[in-house]
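Student: After the structure tokens below, expect a handful of questions from me.
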Amino acid sequence: MSLSPRADSHAISLPVGSISGEQRLVFPSAGDLNRALDLGVFYLKAPDDLALASARQFGLELIPQDSPYRDVPAYGELEGFIALENNQQTKLALRRERWDQHYPRDIAAFGRQLDAVGVAIMREVFHHSGIPDGLWDRASGGYTSGGGDAFLNFVHYDTRTPDWGLRPHTDYGFVTILDASAPGLQIEIDGQFEDVPGLPDHLIINFGEALNFITAHSERTVGAIVHRVLSQRSNDAVRHGIVYFANPNLDGTLRQFNVSGEEKGSSSVEDLFALLERNLTE
């Protein structure tokens, strides 16, 4: 079923953050920061040293049928080169442990640059949550010190077919970092879907369910934003994007702490993701 643009949709103005020289997520004002945390989505100025142009060029190299990267094997259902004929989507998706094996050296390095961005975002969220900093690693299963799990995906949609797009959903992990070549992303605000247009030289950041879970008993619970991608008519045959997912280890445990450092709850990542999957299909 095609997800097509609605005539009554309009673009929302989102706060814009950046990564400082001290590797901290910063905003022009406290109001912008608070709005970013409230919405669960914001723009991020691409760091000056981020190899975004090279990564975009690499993504284009995956489109030809004779691209050698189409031979990357599948690792389960989520990794490798994947072609989904029902929505004309293809993607090369790999978790961090396989980047050096299958991605060119500069693209693996690009992934590690996004790791650093993800950690900076997570640490700033924790800072404003009031959870004692000595517990951040326990809460996140080690992500804030460079552990956890991460996916780097290069995704393409054939815009010549109406059957492309993504239905409304939330992401399961901590943080999603998106670079997209075309419009179509929408977020749900107060029951209405609003367009999120791309900004030149900026990434789109959204928060996921795992981050909502671990901040649930803190001073600042962070919501997981509901979003979707609508099909758009385009002069380009292919809509392409780069998506980085900052996730907990699938065999790890997430913990909830309050500002006093008391543990208020926990869940295995496997159980949390299974619950989210059941809720999605019900």
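The values are calculated or read from the model by the stated rules, or taken from the named source; none is laboratory data. Predicted model, so just to flag it, every value in this text is computed and none were measured. Please note: Cβ atoms are built from the backbone with ideal geometry, for glycine as well, and neighbour counts cover all protein chains shown.
Student: Does residue 37 count as in a helix (DSSP H, G or I), touching a helix residue (DSSP H, G or I) at 6+ places or on another chain (Cβ under 9 Å), touching a residue at least 12 places away in the same chain (Cβ under 8 Å) and surrounded by 18 or more Cβ atoms within 10 Å (Cβ to Cβ)? Break it down stepwise before answering.
Tutor: Working: in a helix (DSSP H, G or I): yes; touching a helix residue (DSSP H, G or I) at 6+ places or on another chain (Cβ under 9 Å): yes; touching a residue at least 12 places away in the same chain (Cβ under 8 Å): yes; surrounded by 18 or more Cβ atoms within 10 Å (Cβ to Cβ): yes.
It is true that residue 37 is in a helix (DSSP H, G or I), touching a helix residue (DSSP H, G or I) at 6+ places or on another chain (Cβ under 9 Å), touching a residue at least 12 places away in the same chain (Cβ under 8 Å) and surrounded by 18 or more Cβ atoms within 10 Å (Cβ to Cβ).
Student: I've got another one for you. Can you name the residue in segment 48-71 that is in contact (Cβ under 8 Å) with a residue 12 or more places away in the chain and more than 28 Å from residue 169 (Cα to Cα) and, of all such residues, is surrounded by the fewest Cβ atoms within 10 Å (Cβ to Cβ)?
Tutor: 49
Student: Still on this model: Consider only pairs whose beta carbons are under 8 Å apart and that are at least six residues apart or on different chains; among these, list those whose first residue lies in segment 88-116 and is more than 19 Å from residue 173 (Cα to Cα) and free of Cβ contacts under 8 Å to residues at least 40 places away in the same chain and whose second residue is of a type in the set (Gly, Ala, Ser) and surrounded by fewer than 19 Cβ atoms within 10 Å (Cβ to Cβ).
Tutor: 100/108
Student: I'd like the full set of residues that are charged (D, E, K, R) and either assigned to a loop (DSSP other than H, G, I, E, B) or in contact with a Leu (Cβ under 9 Å, 6 or more places away or on another chain) (or both), limited to segment 50-94. Reasoning before the result, please.
Tutor: Just the residues of segment 50-94 that are charged (D, E, K, R), to begin with: 56, 61, 66, 70-71, 77, 79, 85, 91.
Listed by number, the residues that qualify are 66, 70, 77, 79, 85, 91.
Student: Can you tell me how many residues in segment 179-205 are over 21 Å from residue 131 (Cβ atoms) and buried (at least 16 other Cβ atoms within 10 Å of the Cβ)?
Tutor: 17
Student: Taking segment 252-276 as the search range and keeping residues that are modelled with pLDDT under 90 and surrounded by fewer than 16 Cβ atoms within 10 Å (Cβ to Cβ), which one is nearest to residue 112 (Cα to Cα)?
Tutor: Ranking the candidates gives 274 first.
Student: Sort out for me the helices (runs of 4 or more DSSP H) sitting completely within segment 95-152 that have 3 or more residues that are surrounded by 22 or more Cβ atoms within 10 Å (Cβ to Cβ).
Tutor: On the way: elements: 99-102, 105-129, 136-140.
Here the list reads 105-129.
Student: Okay, next question. Find the strands (runs of 3 or more DSSP E) located wholly in segment 192-231 whose residues include 3 or more that are within 15 Å of residue 178 (Cα to Cα) and modelled with pLDDT of 90 or more, and list them. Before you say what the answer is, go through the steps one by one.
Tutor: Values: elements: 192-195, 202-207, 227-229.
Where strands (runs of 3 or more DSSP E) fall fully within segment 192-231 and carry at least 3 residues being within 15 Å of residue 178 (Cα to Cα) and modelled with pLDDT of 90 or more, they are 202-207.
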